[in-house]
Each structure stands twice: as C-alpha cells, then as structure tokens.
Amino acid sequence: MAGIHEGPEFGIGDFVLLRELSLDAFMENLKLRFEKSKIYTYIGEVVVSVNPYKQLDIYNSSYVQEYKDREIYERPPHIFALADNAHKTMKRQSRDTCIVISGESGSGKTEASKIIMRYIAAVTNISGQKEVERVKDVLIKSNNILEAFGNAKTNRNDNSSRFGKYMDINFDFKGDPVGGHINNYLLEKSRVIYQHKGERNFHSFYQLLSGSQDAMLSEYKLTRDPQKYNFINQGGDPKVGSINDKQDFRGVMDALKATGFTSDEISTTWKIVAAILHLGNLEFVGEDDATINNQEEPSIIASLLGVTKDNLVKTLLSRVIAAGGQVVDKLLNVQEAQYANKAFSKALYDRLFTWIVGRINDAIDPKKGGIVGKNTVIGVLDIYGFEIFDNNSFEQFCINYCNEKLQQLFIELVLKQEQEEYMKEGIEWQHVDYFNNKIICDLVEIPHNGILAILDEACLNVGKITDETYLEAMAKKLSKHDRFTCRQLEPADKTLEHHRDFRIKHYAGDVTYSVIGFIDKNKDTLFMDFKRLLFNSSNAVLKSMWPEGAQSVNETSKRPITAGTAFKNSMIELVQNLASKIPYYVRCIKPNEVKSPLLFDDTRTRHQVMYLGLLENVRVRRAGFAFRMAYDRFLKRYKMICTKTWPNYKGQVVDGVRALIDSQGYSSDVKYGKSKIFIRSPQTLFALEKARTAKIPSVVLFLQKHTRGALARKRVKRLRAVYLIMHHYKRYKLRSYALACLEKFKNAKKMKDYGLSVQWPKPPNTLRATVEMLKKAHLRWRAFMILSRIPVADRPMMRLKVMAGDVLVGKRADWGVKRNWEGNYLASSKDNSNTADFVSAINTLKSKDQFKTILFSSYVKKTNKFNKTAERGLVITDKFIYKVDAKKKFKPMGHGQLLTQITGVSLTPGKDQLIIIHMSGGNDFVVSLENPAHEERVGELVGILVSHMHKILKSDLKVNISKSLNCMLGHKLRTVVVKETATNNGTVFKKEGDGLALYWPAS
C-alpha cells in the first residue's frame, strides 16, 4: 500500500496513518522522508510535496508506466499517482476534475504543474492522432513562453511565477487532450519598473539581451549589458547561476513558432520588450513643464512601436482633457511625466502578456480544432503562494487574499467530501474542529465594509485623497475587527509605522502591509492618450492589443473597474469554477530558504504546515477512522491471513471481510459501511500488513510452484505439437519434392543425355544433403546407362580414354579418341615384324624385374644429351620404363626406371607425336612415337600414364600442354619445340641454339 509499503526506514507514506496525530509527529515524519529523498507523502488523496532542491530520477518513462492506470494506494506516494487518478476519474465518471497546486513562492508549484502536464501527455494519445499530438505539444511548450514573460527571480525563488495561472485541459471521450484554455491572474506588473535588491525583472528582458542575434539587437538599438537599462538594473547582478538566459531565449523562440505565432507576432513581442527597456532610460527635466533630455530615445521607441516620434513625445509630456465640450492639452511636470511613463511601461507589458495568453488559447481552442460534442476537462491551478516580505504592498495583499480563498475552498471541499462519504456509507460523522478562515476572506471582500470596498470608495472620492486618508478610513470602519489593526488602533505597537502600516492576522500568520501606493495601484490609471497612440500604430499586432484606443476624445466612457475589484471578482469566479469540479490537491512545501538539498529548517517548515492546514486536513481525513477501503479490494489484499477466506471466499464479500477481521480479533476497531470497511487506528492496519507480509513468501512459493509446473507442461505440450507438426510437414515436403523430381525425370531413360539437362527442383533446406546424394545417384545411373552400351571388353579402353579426355579435351587437336587403343603395339605384327624376338626379350625382363604386365610399347625416335636422334623401342610396364634396341632383338638399354620416378608429362597441342616423360633423376624421356600407320598415340600414352599413376600414387599426374616445352637432359634444362618440314625423311631431333627442335613431316 502507498502509505506503508516503502519500508519503515522511510517513515509513513500517508500522514493519515500516523500513530500519534500531533504537529510534532507530523514534522518528524516529514523531515525523515525529506532526508531519505522521499519528497512526496499523502494525506489520503492529497499529495504533500517538499522541494528537494536537486534532480531526482523519478519522472522517467519507467515511472510513468509504473503509475499508469494504477489505484493511488498501489504504489509509493508520487505526483504521478495523483495526476493519473484525476485523469482516470475524469474518464470513468465523465466529470470535470481539477488539480489545485498551492504553497509559498519557491516551494515547487510551477515544477509540479509541469510534471503533471508531462505525465498526462505521456499517458494519452496512444493512437497517435496528429491534432492531439499538436495540442499536447502546444500545452507543454506554452509553459516556456509563460515562464519567460511571467516569471522572475525573487529573493526566495530563481523562477518565481509572478502571475496566477489556471489551465483547463479539454479531453475527448477517449481521454485524449484536444484543447485547452489558460486564465491568467494579476501579473505583478510593478516589477516592470522596480525590483528589490537581489531580484530581477521578468526573464524576457534578460533573454532578449543575452540570446538574440547581433543583428536583432542592432535593429532594436540595444546592447547586451543589462546594467545600462534602468528598468532591469535595480536588483544588482543580473546573472543567476541556475538560469541560462541565452539558451532559454532559443527555447522560447522555438516554443513561439511551435505554438503558432507568426513571424510578425514574434517580432512585435520582442519589439515591445525592447521599447520598455528604452522607456526606462527616458530622462525628464524641467522646472515647470517637463521635457525629454535624451532625444534619441523617443525616436527609437517610436520606431519600435510603429508610431511617430512627435505623437509619442506629445503623449509622454502632455495629457488631453475634454471638459465642457472643449479639448485641452495639459502639459505635465517632471513628476507627472515620470508617473505617466511608468504607468505606460507597466500597461504595455501587461497588455503584451495578456495578448500572449490569448494567442496560446487560440492555438489550443478545441472548437477551432474542429472538436464537437461534449468534452471533459482537467483544471490545473498554479498560483502564487502566500508571501511575507519586508515591504508588503498591494500585490502581496492580493496574493495573500487569493491564498485565503483557496484555503477556505480546500477545507470546505475536503470537509464536504469526507462528510458525503461518511453519509453515503452510513457511518456516523465525527465532528472535527478546524479553523474557518471565512472571517478573513470577509474582511477583504465583504461589500461596503471590506478592505477592497473601502479602497474602491477612496478611489472614487473627488479631491485630494491619499493613501493616508485611506488608512484612516480603514481604521475607522474596521476598528472592531479582531483580524485587523494599525498604529491608530494600537498606539503602543511600535512595529507599525504611523500613517503607513496596517496588519492582517492571516491564517498563515500576521502580515504587515504598507498602504503606500495602494490607491494608485488600485486605480491602475493609464491616460487614454497612450491607448489612442498605440491604437493608431502602424503595427497591426500592436494595434489589436489596444481596441479601446478607438474611442473619440469627446466620448465619455464608463469608469473602469479597479484592479482590486477585478482581482476579487476573478478569485470568486475561480473558486466557483474549482468547486464545480472533483478536486485534487498538491500542497508544496519549501524546506529551507537557502535552496539546500540537505537542510530541513524545522521552524520555517512548521510554519508552512500550519498555514497550509495540513494537520487539519489529516484530522478531517481521519475523522475517527485512519483508513478505509472497498470490501472487494480489502478482501483480495488480506484474504491469505485467514483460513476461512483463503484461497477464495464463497459468499458475500462483506461476510468474508467480517470473517477475516473476526479471526484477527479487530472487530472492536472497525466499522462496516455500505461498500467500505473503516479502520479506526493505524495500529490495526499495521498489524494486518505485518500478517500479510509474513504470509506472502509462502504464497509466492506456492504460486511459483504451480506456475512453473503449468508453464513447464504448457511448454512440453507446445514442443510436442511443434515436433509433430515438423514431422508431418517434413514428410509432406519430402513427398512433394519426391513427386516433383519424379515428374521432372520420368522420361530421363528415353532422353539422349539421360536427364543431364533436366533442372533439379529447388529442395527444402532439410533435404539439401539428401538431394546431393540423389544427384550423385543420378550421375552414377547415367554413367551406368552410358556404359551399358559399351561391350565389357572395351570398357578398360574407355576408362583410359575418359582419363585422357579429362586432361586433353579442348587442349590438343587430336588425341586418338576415335580409334582402338591396343597399348602393347610392339607385340603386334602390324607394327613389329619381329614379334617373337620382342616377346622373348620381354619374358626375360619379366622374370628378372618381376613386373606383371606391359601397359604400352611402341617404336620411338629419341634424343639424348648429345642431341643425337636414335630409333628405339619404348616399353612401359606396371613398374618400369624400358628403352630397348630394336636392331639388337629388343635388348634393354640399361636398367629400367621406376614409374614412381615420373613427375609429369609434356606434349604440344598439335598433331605431332612428341611426348616428354619427366623423371626425378634429371634425365627425361624425350621421344616421338613412331608407327607405320601414322596413328595418333600420344593421347593413349597420356591416358595410360595418368590412369596408372593415379592408381599407384593416389594423386593426379601433372600434364603440361604447350608449343614450347622444357626438359632435363644430362641434368641440363633444354627447350624443345616442334617444327613442320617438307622432307619425307621422317621425324628427326636437331639442335637449335641452346635447345632442340623436332622436325615433323608436314604430311
């Protein structure tokens, strides 16, 4: 649960569950959570937020998902939970909701509103509609613009909102944002012309000087030094460590473009800011009638505002008065001119800010976006916090009145909500004492005798009415009010200045106000001359900001409403608006004045806790019962601690809750409503949580066991199903492929090439290896079919021809493939008339060298290292190569050389019979085969050698085919070429240079 499941080291997450309900216990828990970086704590559904003064990684997308569509009690306290609850309630009930963010300046209100906006943007518009995306972008980026023109550095806060902002975000029936509307309240425009020491004017002035390009500054006749401009240099050093004005200017420019401001509108906006800077530097001199000392400034201002210099100067130095049908120009003295100039500057900035808010509203107006039908809203109120300064003027009075109204609404709505829930549930309401600040609100706003009514009366009086006479009027009319005092009523109180101060005992504490400037600020006087001047501007954007300038000089107009009354009316309207919605609250607290992430100022924080009414909020929320929860949720959460309700209770939910409570012995500490159980003391809830926590491990183990078993069974079933499907699918693919192959090769036996040209179907991945085997089988079958046509006796010869063809096809013109290969030609009478002598000589060699058969024999012409050509016989057996002398009855010439000494053969691509058998001993056989029939026998010899060498050496014999051949004779490298000759003397080897040439007959 949100209140207690973070762990005891972090304190209590919901103040309603405090064991002891006292201010000390409240402060102790708040301090502990701040020190542990737990900045959010609940009071029921109210979020108490403490400014951490440091970056916390608790707003990323994972946190968004953690809180999205969750009940507020399901997760640790967080502002996301409140935002989600407001959005969810709006969707479920189709009712408007609002989020009221309150607290003093520097407590983190503006940051809280931005966090809420970002969360709502993150959890909506899953469908990605373009218009919805645009609205979200405008809503988020408008913050940059409003902060630039409405926020300023104060002594309490570097980014203090100096205006009140209430934003309605419109949602469609799906809960997606489709538009919105912003209301702004009481911009502190006095800051435009004056700042306290250590403070700054609005951020926009410094952003313009720091971030704009040189060309822009030159056009506006500005320099980057803020100290040169009277309206922004009064606070001292303009630099702020936590603010980057240059970077912020770029962000504001991007936001203005994204929000839909045109280039002319953006230019006019910054021109007005620049004009105000120049207005602050005007020097009025003169004893009677004022004149302007530095004449270059009016020219610049006139150019920026799109008016003539003469008209501007006339408006600054005189005033048009219409009386009795006559129009008179009244010249102003120095003091009057200075006052008029400052009023003009304030009004100029105020109109600019109001116009900016209006333009943003135009961009996000749901009607302009084409949205029709009913839509609901979430209101977000980010408004000034209670302020007590050393010098409190009219602005602080209005701000503190605003906080009184909101506090009154807060107490009334919380009290009302609690009473309604108790009544709905049939539980007796416990009376709660709380401070009702209606008496303070009445002191300010009651007609006739309220402070604002007295102020308006003073402003309406004709004659010399001063702030002092206004103070005297208040002292007279409010003398019996115990919340108001001044020095006239309490002469002994020296903390109040005579004729200047009055004090109001606010709910948040006593505040002393200086009455000086109240009448002027309430009248908010701006001569019509300035309105006419700007209405006649050549700048259409600027002109649109001053529509009342169209009024004629002689035309009488209704007296404008005073600033105080306008603010009072807007506050009453705001409170009525908030009261019509389902409210959610964020109460922001500032832990110290030095912006330290470590310091918790107990006194300062205690004061805020008291004036925010947080303790009263806890009392109202408890009203006798610390905790309440719907029966079904309660039973689901705690059913495991009771055997009667675990694992499931069969019966009415309320009966199950009763059985659970009775089993734990807490019947006396609870009440049963119509849909909820109410628990009186936090100790009971803690005991229930402790019992639940003790049971959870065994429940988790039980669930894990069954879940793992179920998952394992499910996984096995899936695997079995997968394997079964795979098995049948493989069989199907195999059968399909086999049928496809049969179809392709059904006529292969009748084909000339036995299916060699048939394209195999593409096999499935699992059959690739099988298909390769099938291809080999097909090739073997094809070879068998081809060989079956060849007689058995011819097959050895065919094998030799195949071996020879592998190395000779395409490389030698003729290699004897068409004739019969006999091999042992010297044993044939066709080649050798003395076969008997040859057979006798070979038998002698066979018995001597133990070879088995003759592979090849033929007459040859050979050459030697002396380049001599001789006729010999060449005999190649299964073991040796022999040279025999045919003229000496085939007598061997020396010992035979082992076949294993052969390293390769060389021959030419022509028709000659030259063949070189390379030997490893450095003496090659260089011969030309001779036969009476002049048959081609080189191919036969190559086939025999390649086949036999592969058989005995298990490797391929190297065969070189080239027109120019190399050989070794007598251990010397020689080159052999073939040349055709016309002589008929037969083949002959001759020396040619360092090499040899075989002269081969041309025919």
Item to check | Number of the exception - residue 365 against (1) surrounded by fewer than 19 Cβ atoms within 10 Å (Cβ to Cβ); (2) in contact with a Phe, Trp or Tyr (Cβ under 8 Å, 6 or more places away or on another chain); (3) farther than 30 Å from residue 284 by Cα | outcome: (2)
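Looking at region 697-708, is at least one residue within 27 Å of residue 421 (Cβ to Cβ), surrounded by fewer than 18 Cβ atoms within 10 Å (Cβ to Cβ) and in contact with a helix residue (DSSP H, G or I) (Cβ under 8 Å, 6 or more places away or on another chain)? Walk me through it before giving the result.
To start, the set of residues in region 697-708 that are within 27 Å of residue 421 (Cβ to Cβ) comprises none.
Scanning region 697-708 turns up no residue that is within 27 Å of residue 421 (Cβ to Cβ), surrounded by fewer than 18 Cβ atoms within 10 Å (Cβ to Cβ) and in contact with a helix residue (DSSP H, G or I) (Cβ under 8 Å, 6 or more places away or on another chain).
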Checklist entry - Considering region 790-818 alone, what residues qualify as being charged (D, E, K, R) and more than 26 Å from residue 760 (Cα to Cα)? => result 794, 795, 799, 801, 811, 812, 814, 818
Checklist entry - Looking at 114, 91, 136, 174, which one is among the charged types (D, E, K, R) and within 30 Å of residue 509 (Cα to Cα)? => result 114
Checklist entry - Inside region 761-812, can you point out the residues that are among the small types (Gly, Ala, Ser) and either at pLDDT 85 or above or open to solvent by less than 50 Å² (accessible area, probe 1.4 Å) (or both)? => result 769, 777, 783, 804, 805, 810
Checklist entry - When region 216-244 is examined, which residues are found to be in a helix (DSSP H, G or I) and either closer than 18 Å to residue 196 by Cα or more than 36 Å from the chain's Cα centre (by Cα) (or both)? => result 217, 218, 219, 226, 227, 228
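To keep it simple, each residue is scored yes or no on (1) touching a strand residue (DSSP E or B) at 6+ places or on another chain (Cβ under 6 Å); (2) touching a residue at least 40 places away in the same chain (Cβ under 8 Å); (3) open to solvent by less than 50 Å² (accessible area, probe 1.4 Å).
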position	(1), (2), (3)
599	no, no, no
615	no, yes, yes
630	yes, yes, yes
634	yes, yes, yes
639	no, no, yes
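Looking at region 674-683, which of the residues that are closer than 18 Å to residue 21 by Cβ and open to solvent by less than 10 Å² (accessible area, probe 1.4 Å) is modelled with the lowest pLDDT?
Looking only at region 674-683, we keep the residues that are closer than 18 Å to residue 21 by Cβ, and these are 678-683.
If we keep only those that are open to solvent by less than 10 Å² (accessible area, probe 1.4 Å) as well, we get 678-679, 682.
Details: 678: 87, 679: 85, 682: 78.
It comes out as 682.
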Checklist entry - Any idea which of 959, 977, 988 is of a type in the set (A, V, I, L, M, F, W, C) and touching a helix residue (DSSP H, G or I) at 6+ places or on another chain (Cβ under 8 Å)? => result 959
Next on the checklist: Which residue is nearest to the chain's Cα centre (by Cα), if the candidates are limited to region 252-281 and must be hydrophobic (A, V, I, L, M, F, W, C) and open to solvent by 20 Å² or more (accessible area, probe 1.4 Å)?
Outcome noted: 258
Item to check | Hits in region 523-550 (condition: part of a loop (DSSP other than H, G, I, E, B) and either among the hydrophobic types (A, V, I, L, M, F, W, C) or over 47 Å from the mean Cα position of the chain (by Cα) (or both)) | outcome: 524, 525, 526, 527, 536, 545, 546
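From 666, 611, grab the single residue that is modelled with pLDDT under 85, under 30 Å from residue 23 (Cβ atoms), aromatic (Phe, Trp, Tyr) and surrounded by 15 or more Cβ atoms within 10 Å (Cβ to Cβ). Full working, then the answer.
Values: 666 fails: modelled with pLDDT under 85.
Residue meeting the stated conditions: 611.
Just checking, does region 572-589 include any residue being touching a Leu at 6+ places or on another chain (Cβ under 9 Å), in a loop (DSSP other than H, G, I, E, B) and on the phi < 0 side of the Ramachandran plot?
No, because not a single residue in region 572-589 is touching a Leu at 6+ places or on another chain (Cβ under 9 Å), in a loop (DSSP other than H, G, I, E, B) and on the phi < 0 side of the Ramachandran plot.
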Next on the checklist: When you scan region 457-465, do you find a residue that is buried (at least 20 other Cβ atoms within 10 Å of the Cβ) and either closer than 23 Å to residue 613 by Cα or among the hydrophobic types (A, V, I, L, M, F, W, C) (or both), even just one?
Outcome noted: yes
Next on the checklist: So if I check each of 963, 958, 951, which one is within 24 Å of residue 822 (Cα to Cα), surrounded by fewer than 19 Cβ atoms within 10 Å (Cβ to Cβ), touching a Gly at 6+ places or on another chain (Cβ under 8 Å) and not acidic (Asp, Glu)?
Outcome noted: 958
Checklist entry - Hey, among 620, 653, which residue is surrounded by 11 or more Cβ atoms within 10 Å (Cβ to Cβ), within 30 Å of residue 590 (Cβ to Cβ) and in contact with a Leu (Cβ under 7 Å, 6 or more places away or on another chain)? => result 620
Item to check | First in region 82-100 and free of Cβ contacts under 8 Å to residues at least 24 places away in the same chain, second anywhere and among the acidic types (Asp, Glu) and open to solvent by 10 Å² or more (accessible area, probe 1.4 Å), Cβ under 8 Å, 6 or more apart | outcome: 88/69
Checklist entry - Can you name the residue in region 301-356 that is open to solvent by 30 Å² or more (accessible area, probe 1.4 Å) and among the small types (Gly, Ala, Ser) and is also nearest to residue 543 (Cα to Cα) among such residues? => result 303
Checklist entry - Checking residue 59 against (1) of a type in the set (Phe, Trp, Tyr); (2) in a loop (DSSP other than H, G, I, E, B); (3) more than 16 Å from residue 116 (Cβ to Cβ), which single condition isn't satisfied? => result (3)
Next on the checklist: What's the total number of residues in region 549-574 that are modelled with pLDDT under 85 and of a type in the set (D, E, K, R)?
Outcome noted: 3
Checklist outcome for this item: Within region 768-797, the residues that are farther than 30 Å from residue 736 by Cα and hydrophobic (A, V, I, L, M, F, W, C) are 787, 790, 792, 793, 797
Checklist entry - What are the pairs, 6+ residues apart or on separate chains, where a residue within region 827-851 that is under 12 Å from residue 890 (Cα atoms) and touching a residue at least 40 places away in the same chain (Cβ under 8 Å) has its Cβ under 6 Å from a residue that is open to solvent by less than 40 Å² (accessible area, probe 1.4 Å) and assigned to a loop (DSSP other than H, G, I, E, B)? => result 837/890; 838/832; 838/890; 841/890
Next on the checklist: Suppose we filter 986, 939, 943 for residues that are at pLDDT below 90 and outside any strand (DSSP E or B); which single one remains?
Outcome noted: 986
Checklist entry - Which of the residues that make up region 189-215 are farther than 30 Å from residue 564 by Cβ, outside any helix (DSSP H, G or I) and open to solvent by 10 Å² or more (accessible area, probe 1.4 Å)? => result 213
Item to check | Residues of region 510-536 classified as surrounded by fewer than 21 Cβ atoms within 10 Å (Cβ to Cβ) and under 19 Å from residue 265 (Cα atoms), total | outcome: 2
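Here's a check for you: in region 853-875, which residue that is over 24 Å from residue 939 (Cβ atoms) and of a type in the set (Lys, Arg) is surrounded by the fewest Cβ atoms within 10 Å (Cβ to Cβ)? Talk me through it step by step, then tell me what you get.
Narrowing region 853-875 to residues over 24 Å from residue 939 (Cβ atoms): 864-868, 870.
Retained after the next criterion (residues that are of a type in the set (Lys, Arg)): 865, 868.
Details: 865: 13, 868: 10.
Per the criteria, the residue is 868.
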Checklist entry - When you go through 257, 346 one by one, which is the residue that is charged (D, E, K, R) and either in contact (Cβ under 8 Å) with a residue 12 or more places away in the chain or farther than 30 Å from residue 167 by Cα (or both)? => result 346
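Name the single residue, out of those in region 876-903 being in a loop (DSSP other than H, G, I, E, B) and not aliphatic (A, V, I, L, M), that is most open to solvent (accessible area, probe 1.4 Å).
895
The values are calculated or read from the model by the stated rules, or taken from the named source; none is laboratory data. All of these numbers come straight from a predicted model, not from anything done at the bench. Every residue, glycine as well, gets a Cβ built from its backbone with ideal geometry; the counts of neighbours run over all protein chains shown. Calculation scope for accessible area: heavy atoms of the full protein, side chains included, ligands and nucleic acids excluded. Shrake-Rupley method; radii C 1.70, N 1.55, O 1.52, S 1.80 Å.
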